[in-house]
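To start, the structure under review is shown below, and the notes come after it.
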Amino acid sequence: MLAIDIDLRSDTVTRPSDEMRHVMAQAPVGDAVYGDDPSVIALEEQIASLLGFEAALFVPSGTQANLCSLMVHCQRGDEYLVGQQAHAYRFEGGGAAVLGSIQPQPLPYGDNGSLPLDLIRAAVKPNDDHFARTRLLTLENTFGGQVLDPLYIKEATQLARELDLTTHLDGARLFNAAIEGAQRTQTDPWDEARRIAQHFDSVSVCFSKGLGAPVGSAICSSRDFITQARRIRKLLGGSMRQAGILASAASYALDHHFHDLHRDHVLAHELAQGLRKIPGIGAVRQATNMVFARLEPHEPDTKESIQTRFIEHMNAHNILVNNTYELRFVTHRDVNAQDIERTLAVIQDFFA
Ligand SMILES: *Cc1c(COP(=O)(O)O)cnc(C)c1O
């Protein structure tokens, strides 16, 4: 195994702390498929109440949370409106189409992770045998780290209702959006989370990203919706037995790690500020816990070759970054201020 000191590929790389492992070891468990795992029940009640919903369902992954939700909202031959780069369209193996017989209608993005209202309106298909039935609007918050404008969320979900569409929020990083929004408005972050969530019929959240739990996501919605989602979770093979071991880690993360997300955002800001001072680094964008950057190639380097050399240089110094498209650095609870300083020093060294 590589000795990785600093892993900035994603906030999914966070490991459970000793305290979290202790809580997991002590967790009361039952058989969650029979509905009698107390730790799962407690987590589902906790997250539903925190986000202002009637009920919640604990599922193994964010991908399955989105798929279960889509399959409740849409039947075979229905369609959902979704962003062209949205996780629930582009990064989930085509699950809605493959397993749900649901057709995606991807839309290009406007500003800050929004889907323009006129495009939403125009995308709804007429009620005619030629077309799939447009049923659902899905948004994502944060999107690429960006927090959706609260006014936009209100308008888009209102429009969806006018158009007879239901609404789903992929809130894998809703907690980051709430922390950032609350910071801007100087309000309570849990109030902010509820203010965002209240506009949607269903919301999915991930415990295994910035919150630092090892596994798990939840769907929040009405009692009736969750009953249907539970049936689909079974169908998808996502029903787990003594899942309280995992649910207890998620509860611990909600209790103890939520407010720490602010620190991740501060570190990302510091990283972005540092990158902007390094000649050779082009456009830098930062939002919440994500930083995106481009490298400026000089002859004989191309865009690809400089990126390859850059990644090799970082890896040689035991630092991992994501380079799927451009460079992406994600801060999380397992990196600290010294790690950011060292990362900047290693990058400076690359251009020296
Ligand atoms: C990570 C992520 C998911 C899916 O999470 P997994 O647990 O990896 O399946 C869904 N949506 C968004 C926006 C994500 O970032």
Practice item. Using a Gaussian network model of the chain whose springs link C-alpha atoms within less than 10 Å, name the residue from Gln338, Gln103, Gln307 with the highest mean-square fluctuation. Key: Gln338
Revision key, fill the gap. A 1.4 Å probe over the protein heavy atoms gives segment 1-51 a carbon and sulfur accessible-area percentage of 53 percent
Check your understanding: Can you give the FRET efficiency for Asp128 and Lys154, using 1/(1 + (r/R0)^6), R0 = 35 Å, r = Cβ-Cβ distance, to the nearest 0.05?
Key -> 0.70
Study note, to complete from the structure: Rounded to whole Å², per residue accessible area for segment 275-319 with a 1.4 Å probe reads 56 Å²
**Study point:** Given charges at beta-carbon only (K, R positive; D, E negative), |dipole| of segment 47-141 in Debye
**Key:** 120 debye
**Study point:** Sparse-neighbour loop sites [chymotrypsin sites (Phe, Trp or Tyr not before Pro); segment 243-352; at most 10 other C-beta within 10 Å; DSSP]
**Key:** Tyr325
Check your understanding: Calculated from DSSP H runs of 4 or more alone, at -39500 (n - 2.57) each and per residue, what is the 222 nm mean residue ellipticity of the chain, nearest 500?
Key -> -13500 deg cm²/dmol
Revision key, fill the gap. Whole-percent carbon and sulfur contribution to the accessible surface of segment 79-173 (1.4 Å, no ligands, DNA or RNA) stands at 48 percent
**Study point:** Difference of contour (0.36 nm per residue) and Cα-Cα distance, Glu341 to Asp255
**Key:** 28.0 nm
Review point. Tell me, what is the per residue accessible area of segment 26-161 in Å², probe radius 1.4 Å?
Key: 45 Å²
**Study point:** Charge dipole magnitude, Cβ of K and R +1, D and E -1 - the chain, Cα centre, debye nearest 20
**Key:** 420 debye
**Study point:** Hydrodynamic radius of the chain per Kirkwood, over alpha carbon pairs, in Å
**Key:** 21.2 Å
Study note, to complete from the structure: When the charge dipole of the chain is computed with +1 at the Cβ of Lys and Arg and -1 at the Cβ of Asp and Glu, the Cα pointing farthest to the positive end, of Asn318, Pro126, Ile196, is that of Pro126
Point to revise | GluC sites (Glu not before Pro) lying in DSSP loop within segment 40-104, provided at most 15 other Cβ fall within 10 Å | key: Glu54
Review point. Any idea what angle helix 261-276 forms with the longest principal axis of the chain, computed on alpha-carbon atoms, 0 to 90 degrees, nearest 10?
Key: 40 degrees
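The values are calculated or read from the model by the stated rules, or taken from the named source; none is laboratory data. Since we're looking at a predicted model, the values are computed, not measured. Every residue, glycine as well, gets a Cβ built from its backbone with ideal geometry; the counts of neighbours run over all protein chains shown. For the accessible areas, the whole protein counts, side chains as well, though only heavy atoms, and no ligand, DNA or RNA atoms are used. Shrake-Rupley method; radii C 1.70, N 1.55, O 1.52, S 1.80 Å.
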